[in-house]
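Chemist: Have a look at this one.
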Amino acid sequence: MDVLRWLFDAQLRVGDGFILWREVLGNVFGLLSALGGMRRKVWAWPVGIVGNAILLTVFLGAVFETPNPVNLLGQAGRQIMFIAVSVYGWVQWRRSRGSAQEAVTPRWASGRQRLLLVIAMLMGTAVLTPVFRALGSYEPVWADAWIFTGSLLATLGMARGWVEFWLFWVAVDLVGVPLLFSAGYYASGLMYVFYGAFTLAGFFVWWRVTTRQRRAATIGTGFPDLQLSVGEKHR
């Protein structure tokens, strides 16, 4: 039990502060999951679930009596949400996986779907802010609510194969970096900085995929079948 507690509280000393190794490990799993998602690999989901479970214990610092006794309820809650939605995404991608082992075909959301996503982002933040504040989450609480809502919508978008889900991660990162640094979660804050650049790269990767698909579809429908044309001439 003492060994387990030592592993649970293991720290990386940085000057006068520290970073929990669990926080580093959880974010490493999250990064691997994001990399797998960019490459459209099914294994991205279970790897992400492991990282979410680890980070859940990190962001409930007061509950688990860890060296950083700060509860970020939005951050902790989204780990639970990630696990639930990741199971859904895992099933969806396994069902749609093709012969190339790419589990999903990227596509743009419709105009109506984009509008609904933006409305859900704003309303979710507005509704959850007083809830998280009543539960004692870290201030500014609206930022925690924004991160939770954006993470939910981004994960659902990834499961559906919408290119726009990367942009929701960018919006989450922009708010998450200052919040995490102010709460003392430096490893997660630094990872969010890296995630911001990574998610932009992922967006452009998926954008290029959809562009190639559209060009291939245009070529496929814009030119006649030459073999068929030649055959008809010899009839």
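Chemist: Rounded to the nearest 10 Å², what accessible area does Thr129 show when all protein chains are kept and the probe is 1.4 Å?
Modeler: About 20 Å², rounded to the nearest 10.
Chemist: Per residue and in Å³, how big is the convex hull formed by the alpha-carbon atoms of segment 164-205?
Modeler: Normalising the Cα hull of segment 164-205 by residue number yields 44 Å³.
Chemist: Near the amide H of Val42, under 5 Å away, which other amide H atoms are found, from residues 5 or more places off or on another chain, if H is placed in the peptide plane?
Modeler: Hits under the 5 Å cutoff: Ala103.
Chemist: If you don't mind, another one. Excluding ligands and nucleic acids, what accessible area in Å² is computed for Trp43 using a 1.4 Å probe, to the nearest 10?
Modeler: About 110 Å², ignoring ligands and nucleic acids.
The values are calculated or read from the model by the stated rules, or taken from the named source; none is laboratory data. These numbers come from a predicted model, not from an experiment. To get the accessible areas, we keep the full protein, side chains included, count just its heavy atoms, and leave off ligands, DNA and RNA. Shrake-Rupley method; radii C 1.70, N 1.55, O 1.52, S 1.80 Å.
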